[in-house]
Amino acid sequence: MAFEHFVVHIPHNSFYIPEDYKNSFCIGEKEIFRQQLFMTDAHTAELFCDDEIAKTRVINPVSRLLCDVERFRDDKDEYNAKIGQGLMYTKGMFGKKIRDYDENLRNRILRDFYDPHHEKLTSAVDFALENCGRCIILDGHSFNSVWPIKLDCLFKRPDFCIGTDPFHTPKGLCEAMVKACREEGYYVRINTPYSGAITPIKHYGKEKRVLSIMVEVNRKLYMNEKTGEKTEGFEKTKEMCRRLMKIAAEYEE
């Protein structure tokens with residue numbers, strides 16, 4: 001039976017850009033795909049998929065190049081907006097310009113994608129709280145095996161990264177995930193190279209019954225990073241993700 005208090009969030013899996021939004025970019029489709037291949041958490045909707053564990057999954061249907069739902073709604077609150085990567089990207093990888101800033105376009109993106117996504121996530125969490133008295137969110141991501149160079153000289157990129165929030169992530173849950181990864185022979189780090197775990201603004205820093213943890217998977221484990229195609233390591237990686245999902249869903253403080 002699926003866990004009704006458990007919500008899986010997948011924000012960066014999609015390559016889809018609706019036709020009526022493609023002309024907002026100042027780069028061609030070939031360059032758009034090159035940018036997406038580098039920045040998309042490809043196949044994460046499949047990696048973090050198990051109907052016996054996760055009854056509720058909230059998946060962003062469009063490319064993060066169009067709308068990054070994990071950025072703050074107000075650019076003043078979003079650090080990445082300073083480098084052109086707020087919820088509406090104007091710059092892609094390596095600072096390449098991909099479109100001009102347009103307030104009307106940003107408002108359309110808010111209306112069509114950003115706000116509906118967060119309403120869905122908040123509703124899923126509210127439903128869990130109302131019916132189960134608690135909610136556990138697993139935020140599913142992946143990352144490039146090499147990037148950026150200045151960080152790769154400081155540490156070896158892990159196979160798995162567990163992201164935590166000081167208010168919403170119990171120490172015991174993080175420790176259980178780290179232990180599970182190590183038992184399977186994976187190299188795992190906490191909050192490196194990425195940190196944090198999503199929680200709806202309505203509950204963020206206020207509602208202790210909402211727990212959240214992020215799982216980041218190194219893409220070299222499951223895909224060809226040059227083509228985006230799955231490799232023979234995909235099923236093994238998916239099984240590890242399933243184990244981490246189960247740990248999160250079954251966690252009791």
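The values are calculated or read from the model by the stated rules, or taken from the named source; none is laboratory data. The model shown is predicted, which means the values in this text are computed figures rather than measured ones. No Cβ is skipped: glycine too gets one built from the backbone with ideal geometry, and neighbour counts run over all protein chains shown.
Quick notes on this one:
- Here is the figure for segment 123-146: residues that are part of a helix (DSSP H, G or I) and within 30 Å of Y222 (Cβ to Cβ) total 3.
- Restricted to segment 54-86, and to residues there that are among the basic types (K, R) and under 19 Å from the mean Cα position of the chain (by Cα), the residue that is surrounded by the fewest Cβ atoms within 10 Å (Cβ to Cβ) is R73.
- For segment 246-253, the criterion of being over 20 Å from I10 (Cβ atoms), exposed (fewer than 14 other Cβ atoms within 10 Å of the Cβ) and at pLDDT below 95 is satisfied by at least one residue.
- Restricting attention to segment 87-122, the residues that are assigned to a helix (DSSP H, G or I), under 22 Å from the mean Cα position of the chain (by Cα) and of a type outside the set (F, W, Y) total 15.
- Complete set of residues in segment 1-32 that are surrounded by 16 or more Cβ atoms within 10 Å (Cβ to Cβ) and part of a helix (DSSP H, G or I): Y21, I32
- Consider segment 135-191 and keep the residues that are under 18 Å from the mean Cα position of the chain (by Cα) and of a type in the set (S, T, Y). The one that is modelled with the lowest pLDDT is S145.
- Among the residues of segment 167-191, those that are of a type in the set (S, T, Y) and farther than 16 Å from I136 by Cβ comprise Y186, Y187.
- Lone qualifier among E239, E232 - being assigned to a loop (DSSP other than H, G, I, E, B), over 14 Å from the mean Cα position of the chain (by Cα) and of a type in the set (D, E): E232
- Applying the set (1) over 17 Å from H141 (Cα atoms); (2) in contact (Cβ under 8 Å) with a residue 60 or more places away in the chain to I10 leaves exactly one unmet item: (1).
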